[in-house]
2 protein chains.
Amino acid sequence: MATYKYERPALAVDCVVFGRDEKALKVLLIKRGLPPFKDMWALPGGFVRIDESLDAAARRELKEETGFADVFLEQLYTFGAVDRDPRERVVSVAYYALVNLQGHQPKAASDAAEADWFALDALPKLAFDHKEILRVARERLRAKVRYQPIGFELLPEKFSLSALQRLYETVLDTSLDKRNFRKKLGEMDFVVATGELESGVTHRRAQLFRFDEKKYQALMKRGFNFEL
Amino acid sequence: MATYKYERPALAVDCVVFGRDEKALKVLLIKRGLPPFKDMWALPGGFVRIDESLDAAARRELKEETGFADVFLEQLYTFGAVDRDPRERVVSVAYYALVNLQGHQPKAASDAAEADWFALDALPKLAFDHKEILRVARERLRAKVRYQPIGFELLPEKFSLSALQRLYETVLDTSLDKRNFRKKLGEMDFVVATGELESGVTHRRAQLFRFDEKKYQALMKRGFNFEL
DNA sequence: ACAAAAGTGTTTTCCATACACCCATGC
DNA sequence: GCATGGGTGTATGGAAAACACTTTTGT
């Protein structure tokens with residue numbers, strides 16, 4: 001049971017950052033400036049410091065490498081194959097983040113590495129086991145979006161019902177019936193109309209809605225169950 | 001990005017072992033023989049070796065401390081609060097296991113520590129953050145049992161439908177309608193009658209069924225969806 | 001004969017799905 | 001006036017839920 005006797009794996013965090021851009025779902029990747037896998041694309045991430053929690057490490061790396069702060073961030077899975085890093089043993093706790101792409105420029109990372117958004121169906125080759133991590137993240141997002149209201153994290157604060165529907169269609173990779181979709185949302189009191197209208201469009205302006213976190217929490221406590 | 005410069009957290013695995021005993025759902029705990037938390041109950045677990053994967057570490061510890069091998073084992077969540085171990089920084093990858101309690105005696109662990117089963121509603125005080133780990137494991141079990149056929153892992157190979165129903169009622173903490181439950185199972189071709197009957201009971205003998213893994217896998221590929 | 005659990009169908013309710021047309025706006 | 005997406009209600013089918021009595025066995 002003595003800890004210090006044995007050699008320890010290094011411990012890292014990696015973040016899968018999902019963003020929605022117009023019609024496609026995208027992931028933020030970083031171009032590696034150092035070996036191994038130099039010049040290859042990879043998930044943002046880094047080593048966990050001795051005095052920070054895993055969540056804190058994930059948030060710090062996300063901030064440092066992509067500029068995002070105060071976003072939805074949740075632990076995904078921990079990847080620990082012995083040879084997943086060619087240098088030495090590295091165990092990585094993966095997280096996934098959901099961000100609203102509007103307003104956030106595809107900013108270059110603070111440490112001068114290149115950063116860019118990639119559509120999920122046009123990904124480059126990835127370093128390490130990051131392809132696998134991304135696969136698991138995508139699966140999780142797809143599963144979770146159906147029973148927890150996390151889809152809103154990918155939209156601006158105010159959004160049209162059509163935008164929300166397109167998002168669900170993208171994530172779930174299906175098409176949904178417009179009237180049925182709206183009917184179900186109409187029953188969810190935590191999606192509230194702001195009274196404002198969409199602008200700058202070449203057709204009828206859509207009404208804008210927002211997600212009311214407080215109302216949602218209140219309903220949850222009363223046993224409400226979010227579904228699709 | 002240099003790994004070796006920084007002090008590393010220790011990396012451990014902990015296992016939540018669920019077992020079903022007659023009517024109650026139970027967890028296997030180990031009495032700690034060493035400080036910290038000496039003589040307190042804790043989840044079986046230990047440190048990850050440099051040359052084994054996380055899954056392998058979990059299986060090894062499970063075997064060493066409880067004697068269970070070849071059981072359902074799945075990664076749960078990774079706990080990384082800075083102060084979760086009073087000695088030093090330890091990050092723990094938690095797993096949960098489902099075992100069939102029949103036939104496996106509440107065996108004492110190989111390293112002479114005391115091991116015992118505890119009903120989930122009569123738990124002792126636990127070491128470290130193991131209460132929290134157990135809470136998360138229970139939540140996961142409850143959620144997963146509804147859409148994946150993992151409940152069978154907690155039963156002997158041959159079981160009666162009543163036993164299966166009682167198991168679901170225990171895990172989900174609800175009561176289920178007998179006829180509806182049997183109707184649904186009747187539609188699932190991978191729960192097959194063995195033709196054998198229960199024995200040693202003081203009432204009508206129940207027919208015994210078994211879970212047919214192959215048939216289940218075949219159905220899965222055709223898009224079948226297990227539900228409750 | 002009685003206690004204890006096994007086994008068995010039908011009806012009702014509700015939710016998911018399918019489906020088509022008019023409206024507002026910019027060009 | 002036309003192209004583009006916004007917005008709206010109803011009918012149908014199928015799954016979930018509710019529900020009670022007979023059978024078998026041991027004592």
Using Cα positions and a limit of under 12 Å, work out the aspartates and glutamates in reach of B:Lys184, with same-chain residues fewer than 8 apart set aside.
-> B:Glu227
Sum up the charges of everything whose Cβ sits under 14 Å from the Cβ of B:Trp41, counting Lys and Arg as +1 and Asp and Glu as -1, but leave B:Trp41 out.
-> 0
Grab the DSSP H runs of chain A that are 4 residues or longer, score each as -39,500 (n - 2.57), total them, divide by all residues and round the 222 nm result to the nearest 500 deg cm²/dmol.
-> -8000 deg cm²/dmol
Can you sort A:Thr174, A:Thr66 by 1.4 Å-probe accessible area, starting with the largest?
-> A:Thr174, A:Thr66
What are the nm distances, shortest first, from A:Asp51 to its equivalents in the other copies, labels at 7 Å along Cα→Cβ?
-> 3.6
Nearest 0.05, what FRET efficiency do B:Val192 and B:Arg87 give at R0 = 56 Å with Cβ-Cβ as r?
-> 0.65
Using amide H atoms built 1.01 Å from N in the peptide plane, name the residues 5+ places from A:Tyr77, or on other chains, whose amide H lies under 5 Å from its own.
-> A:Ala94
Could you pull the copy-to-copy label distances for A:Lys214, with points set 7 Å along Cα to Cβ, in nm to one decimal and sorted shortest first?
-> 6.0
Separation of the B:Leu228 and B:Gln207 label points, Cα + 7 Å toward Cβ, nm | 2.2 nm
Under a straight-distance cross-link criterion of Cα-Cα below 17 Å, which lysines are reachable from B:Lys214, leaving out those fewer than 8 residues away in the same chain?
-> B:Lys158
Determine the shielding of peptide A:70-80 by partner chains: average, over its residues, the number of Cβ atoms on other chains within 10 angstrom of each Cβ.
-> 3
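Rolling a 1.4 Å sphere over the protein heavy atoms, what is the accessible area per residue of the stretch A:158-221, to the nearest Å²?
Numbers: 4230 Å² over 64 residues.
Spelled out: the 1.4 Å probe surface of the stretch A:158-221, per residue, equals 66 Å².
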Of the options A:Ile150, A:Val16, A:Ala56, report the single residue whose Cα projects farthest towards the positive end of the charge dipole of the stretch A:1-151 (beta-carbon charges: Lys, Arg +1; Asp, Glu -1).
-> A:Ile150
Tilt of helix A:161-172 relative to the longest C-alpha principal axis of chain A, in degrees (0 to 90, nearest 10)?
-> 40 degrees
Nonlocal amide H pairs with A:Ala12, under 5 Å, H built at 1.01 Å | A:Val48, A:Val91, A:Ser92, A:Val93
Among A:Gln165, A:Ser199, A:Gln217, whose Cα sits farthest toward the positive end of the charge dipole of the stretch A:158-221 (+1 at Cβ of Lys/Arg, -1 at Cβ of Asp/Glu, about the Cα centre)?
-> A:Ser199
So which lysines can B:Lys178 reach, going by Cα to Cα under 17 Å and dropping same-chain residues fewer than 8 places off?
-> B:Lys23
Dipole magnitude (debye, nearest 20) for chain B, charges at Cβ of Lys, Arg, Asp, Glu = 680 debye
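How much accessible area is lost when chains A and B come together, counting both sides, with a 1.4 Å probe, in Å² rounded to the nearest 100?
Details: alone 13360 and 13350 Å², together 23960 Å².
When A and B are taken together, about 2700 Å² of accessible area is lost.
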For B:Leu172, inter-copy label-point distances (7 Å, Cα→Cβ), nm, shortest first, read 2.2
Surface per residue (accessible, 1.4 Å probe) for the stretch A:10-144, Å² = 43 Å²
Across the stretch A:186-195, in residue order, what do the Karplus-derived ³J(HN,Hα) couplings come to in whole Hz, using 6.51 cos²θ - 1.76 cosθ + 1.60 with θ = phi - 60° and x for Gly and Pro?
-> x, 7, 9, 5, 8, 9, 10, 6, 8, x
Between A:Ser160 and residues 5 or more places away or on another chain, the pairs with built amide H atoms under 5 Å apart involve A:Phe209
Point-charge dipole on Cβ atoms (K/R +1, D/E -1) for the protein assembly as shown, about Cα centre, debye to 20 | 1340 debye
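The values are calculated or read from the model by the stated rules, or taken from the named source; none is laboratory data. This is a predicted model, so every value here is computed, not measured. When we count neighbours, we look across all protein chains shown, and the Cβ atoms used for this are built from the backbone with ideal geometry, even at glycine. Side chains included, ligands, DNA and RNA excluded: accessible areas come from the protein's heavy atoms. Shrake-Rupley method; radii C 1.70, N 1.55, O 1.52, S 1.80 Å.
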